1. Would you check if there is a residue in segment A:15-33 being within 9 Å of the chain's Cα centre (by Cα), more than 7 Å from chain B (Cβ to nearest Cβ) and not aromatic (F, W, Y)?
2. Test A:E94 against the criterion of being part of a helix (DSSP H, G or I) and either in contact (Cβ under 8 Å) with a residue 40 or more places away in the chain or within 7 Å of chain B (Cβ to nearest Cβ) (or both), and give yes or no.
3. Taking the criterion of being out of contact with any helix residue (DSSP H, G or I) (no Cβ under 8 Å at 6 or more places or on another chain) and more than 7 Å from chain B (Cβ to nearest Cβ), would at least one residue in segment A:54-64 satisfy it?
4. Taking the condition without any contact (Cβ under 8 Å) to a residue 60 or more places away in the chain, crowded, with 17+ Cβ neighbours inside 10 Å and under 21 Å from B:G35 (Cα atoms), does A:E37 pass?
5. Read through the list (1) over 16 Å from the mean Cα position of the chain (by Cα); (2) farther than 19 Å from B:A44 by Cα; (3) aliphatic (A, V, I, L, M); (4) modelled with pLDDT of 85 or more, then give the number of the only condition that A:I70 fails.
6. Please enumerate the residues belonging to segment A:1-14 that are in a helix (DSSP H, G or I), at the interface with chain B (Cβ under 9 Å from one of its Cβ atoms) and touching an Asp or Glu at 6+ places or on another chain (Cβ under 9 Å).
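The values are calculated or read from the model by the stated rules, or taken from the named source; none is laboratory data. The model shown is predicted, which means the values in this text are computed figures rather than measured ones. Using ideal geometry, Cβ is built from the backbone for each residue, glycine included, and neighbour counts are taken over all protein chains shown.
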Amino acid sequence: MSILVEGFFKKDKIILELETLSIHQNEKDKILKVVDEIAELKLLDAVLEKLEAKDKELFLDQLHGGSAQIVAQILREKIENIEELLLMRAQVLEEEIIEDIRVLKEDSG
Amino acid sequence: MLNLFKKDKKNSKHFQTLSEQLEKRKSIVLEEFKGKHKEAISWAKKKGIKPSEIAQKGAKGLAVTVATSAMVLSAGVAPSGQLPSKELEVKKEINRQVAGSDVEVLIKARKDVSPQVKKALSRVNLYDEKKIEKQLSKILKVPVKAQLDGIRLNATYGIMGYESHLARFPGDNLSTHFQSEVEYKRFAKASMAGGPGAWGYIAPSQKDLTSKDIEKEKYYLVAQTFLSPNWGTSQAKDWFRHRKMVVVNPQNGRVAIGVLEDAGPEKSTGRAFGGSPEIFEELDLFNSGPRVLMYFVDDPKDNISLGRYGI
């Protein structure tokens with residue numbers, strides 16, 4: 001899992017929502033794994049949208065095998081209010097997933 | 001694409017439906033990503049990485065160097081347009097040499113325990129200190145105590161009040177208090193108390209303020225030490241100062257570690273404890289209601305970090 005998802009994508013509410021479904025623990029784990037994969041793409045998309053072409057490669061190099069401190073430094077230097085941006089994107093995704101689960105419950109209830 | 005959700009007779013109906021929806025969502029997001037970020041896709045091809053794994057295969061070094069990435073990012077505000085640091089390439093090489101031996105330990109420490117805590121607490125009377133000590137000690141893997149060194153507070157379960165920020169040193173104010181603009185925007189609305197906590201300033205001056213001092217104020221707690229059965233001796237008063245405690249929101253299982261920096265609230269308020277704005281946010285008390293469990297943590301070597309536990 002990358003710095004982006006580790007730091008910004010909080011799954012607490014999704015986990016609690018999953019608790020209300022009649023599914024096994026290993027199934028929950030599989031679902032959370034895919035949720036993380038979606039979050040990785042969404043948050044990476046948010047960062048790449050804001051970075052200039054010349055900075056993208058350095059960022060990707062650091063994200064993939066480099067240092068979190070340098071990833072953080074690049075993001076801080078290059079993207080204004082990066083924390084708010086990532087928190088907002090992560091929150092939107094969290095709400096979408098929760099909504100999916102709630103609709104599923106209603107449809108099957 | 002690897003499909004994690006191959007049909008299995010034992011899979012539940014909810015799982016089948018939800019997993020199919022999520023796989024579909026992931027495919028859409030991935031296709032959009034490929035369309036928007038062709039340079040990233042080219043970069044991934046050069047490196048032999050699948051597009052879907054660009055971010056997922058983030059380095060082990062990430063876990064080594066970051067306790068919480070949010071903290072790293074909020075350590076300063078981006079001066080927009082600033083040139084890339086010349087040190088970046090050097091740091092890149094240094095960081096690639098970070099040994100992997102501690103990686104597993106840190107990854108394990110980052111596990112979110114809130115579902116476990118919530119489940120465990122749903123089965124016990126929240127005034128049953130012995131059972132709660134046992135459950136929390138087991139899940140958090142640290143000794144959690146209602147009474148430590150023969151000293152206890154008047155309550156271990158009750159309402160937590162939302163406190164203002166404390167002045168950490170003489171002259172500390174809203175403009176000196178925050179590490180970044182993001183922090184300021186998020187927490188300045190809680191305003192500042194008129195002065196320090198019951199034990200005085202955390203640091204004698206701004207230049208003496210350490211990162212540990214900053215954390216102490218950020219995650220400070222308030223308890224009715226004056227109602228403790230041990231109150232009345234100077235030893236007890238000193239013992240409470242900076243005392244590390246665990247605060248648990250039984251509604252959502254969230255856990256935070258903080259330190260006592262102030263005495264209160266008044267008995268007439270009906271509240272048993274107080275917490276900093278940061279503690280309130282970490283425990284999500286605005287959404288869940290303000291009832292918390294508060295216990296001592298036996299951590300003489302100061303190994304347990306302050307803030308949200310496990311995140």
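1. Within segment A:15-33, not a single residue is within 9 Å of the chain's Cα centre (by Cα), more than 7 Å from chain B (Cβ to nearest Cβ) and not aromatic (F, W, Y).
2. Judged against the criteria, A:E94 is a match.
3. Yes, some residue in segment A:54-64 is out of contact with any helix residue (DSSP H, G or I) (no Cβ under 8 Å at 6 or more places or on another chain) and more than 7 Å from chain B (Cβ to nearest Cβ).
4. On the way: without any contact (Cβ under 8 Å) to a residue 60 or more places away in the chain: yes; crowded, with 17+ Cβ neighbours inside 10 Å: yes; under 21 Å from B:G35 (Cα atoms): yes.
Judged against the criteria, A:E37 is a match.
5. Only one criterion is unmet by A:I70, namely (4).
6. Start the filter on segment A:1-14 by keeping residues that are in a helix (DSSP H, G or I), which leaves A:3-8, A:12-14.
Retained after the next criterion (residues that are at the interface with chain B (Cβ under 9 Å from one of its Cβ atoms)): A:3-8, A:12-13.
A:L4, A:V5, A:G7, A:F8, A:D12, A:K13 - these are the residues of segment A:1-14 that are in a helix (DSSP H, G or I), at the interface with chain B (Cβ under 9 Å from one of its Cβ atoms) and touching an Asp or Glu at 6+ places or on another chain (Cβ under 9 Å).
Conditions tested, residue by residue: (1) touching a Ser or Thr at 6+ places or on another chain (Cβ under 7 Å); (2) crowded, with 19+ Cβ neighbours inside 10 Å.
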| residue | (1), (2) |
| --- | --- |
| B:E278 | no, yes |
| B:F286 | no, no |
| B:M294 | yes, yes |
| B:D302 | no, no |
| B:S305 | no, no |
| B:R308 | no, yes |
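Let's see how each residue does on (1) of a type outside the set (D, E); (2) part of a helix (DSSP H, G or I); (3) assigned by TED's automatic domain parsing to the domain that holds B:S164:
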position: B:N230; (1), (2), (3): yes, no, yes
position: B:M245; (1), (2), (3): yes, no, yes
position: B:G258; (1), (2), (3): yes, no, yes
position: B:E261; (1), (2), (3): no, no, yes
position: B:P265; (1), (2), (3): yes, no, yes
position: B:R271; (1), (2), (3): yes, no, yes
position: B:E282; (1), (2), (3): no, yes, yes
position: B:P300; (1), (2), (3): yes, no, yes
